[in-house]
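Please read the structure below before turning to the comments.
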Amino acid sequence: MKLSHRLETIASFVPKGSIVADIGTDHGYIPIWLLQQKIAVKAIAMDVGEGPLKRAREHIVLYGLEDLIETRLSNGLSGLYPKEADTVVIAGMGGELIIKILTEGKHMWPSVKRWILSPQSEIHKVRRFLRTHGFCEEEEAFLFDEGKYYTVIAAGPWKGEEAVAENTETKTVYDLYGEILIKQKNPVLLEYLEKEKVKKLSILEKMKDSTGSSRIFSLKEEIKQIQEAEYEMQ
């Protein structure tokens with residue numbers, strides 16, 4: 001099976017020998033690929049809808065992997081039990097929903113060794129949630145695929161309640177654009193920041209006569225954060 005650049009990047013963060021739970025599996029592509037590549041030894045493809053699970057089952061059977069990939073109807077992590085999986089993938093949904101899934105799936109926190117998240121919106125909220133709830137980011141990727149930019153975050157094991165107080169403070173720019181990506185001087189992020197800056201400066205120029213507008217203040221703050229990220233990446 002050939003994966004898109006986005007899905008292959010997500011799958012590349014899965015450690016070899018993992019038992020993977022793919023939350024919101026849709027077509028089951030990631031579990032199938034991971035078993036084909038002998039990266040995962042077993043997988044559970046999970047989704048809240050019967051339709052996506054049916055599609056996933058069809059693909060799993062097509063590739064002869066029904067003995068190694070289980071499909072399971074589940075709302076988020078509710079149908080997963082401690083020690084059933086050591087790696088969890090949650091991708092293809094908004095940041096708020098990912099946070100909701102993580103919060104409601106707290107029973108899985110102590111036993112999962114790696115969390116691989118790819119939020120499609122409100123990425124800064126996901127980074128902040130991880131940082132303030134005892135998770136440590138280990139890797140990040142930022143990529144352009146089929147006309148869109150995507151972020152993939154890999155977090156390590158939950159460090160427990162005692163670790164929460166240690167990670168409550170950071171620069172706003174790190175939550176917005178990723179400390180790892182900034183320190184790695186990620187070229188795709190740099191390209192994205194430049195495009196965003198040009199776009200926001202153009203909007204600001206068009207609004208220059210709208211004195212006192214809260215949107216102008218917001219735009220200036222957004223441009224300031226972009227410039228700070230760019231400065232750190234020099």
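The values are calculated or read from the model by the stated rules, or taken from the named source; none is laboratory data. All values derive from a computational prediction rather than experimental measurement. Using ideal geometry, Cβ is built from the backbone for each residue, glycine included, and neighbour counts are taken over all protein chains shown. Side chains are part of the model used for accessible areas, which takes the heavy atoms of the whole protein and leaves out ligands, DNA and RNA. Shrake-Rupley method; radii C 1.70, N 1.55, O 1.52, S 1.80 Å.
Here are the numbers for the structure shown:
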| quantity | calculated |
| --- | --- |
| Condition broken by M46, with the remaining ones in (1) closer than 18 Å to G76 by Cα; (2) open to solvent by 50 Å² or more (accessible area, probe 1.4 Å); (3) of a type in the set (A, V, I, L, M, F, W, C) satisfied | (2) |
| Single residue of segment 143-158 satisfying the filter (surrounded by 15 or more Cβ atoms within 10 Å (Cβ to Cβ) and out of contact with any helix residue (DSSP H, G or I) (no Cβ under 8 Å at 6 or more places or on another chain)) that is nearest to W109 (Cα to Cα) | W158 |
| Selection status of V173, under 22 Å from the mean Cα position of the chain (by Cα) and at negative phi | yes |
| Test for V20: is it of a type in the set (V, I, T) and either surrounded by fewer than 22 Cβ atoms within 10 Å (Cβ to Cβ) or out of contact with any Asp or Glu (no Cβ under 9 Å at 6 or more places or on another chain) (or both) | no |
| Any pair with Cβ under 9 angstrom, 6 or more apart, that starts in segment 63-78 at a residue that is closer than 18 Å to G51 by Cα and ends at one that is open to solvent by 40 Å² or more (accessible area, probe 1.4 Å) and of a type in the set (A, V, I, L, M) | L73/V48; S74/V48; N75/V48; G76/V48; G76/L97 |
| T103 within 20 Å of L35 (Cβ to Cβ) and either open to solvent by 60 Å² or more (accessible area, probe 1.4 Å) or of a type in the set (V, I, T) (or both) | no |
| Selected residue [within 13 Å of the chain's Cα centre (by Cα), open to solvent by 50 Å² or more (accessible area, probe 1.4 Å) and in contact (Cβ under 8 Å) with a residue 24 or more places away in the chain] from E161, E194, E139 | E139 |
| Residues of segment 216-234 classified as open to solvent by 90 Å² or more (accessible area, probe 1.4 Å) and more than 19 Å from G178 (Cβ to Cβ), total | 2 |
| Unmet requirement for T71, which otherwise passes all of (1) under 23 Å from E8 (Cβ atoms); (2) hydroxyl-bearing (S, T, Y); (3) under 21 Å from the mean Cα position of the chain (by Cα); (4) open to solvent by 10 Å² or more (accessible area, probe 1.4 Å) | (3) |
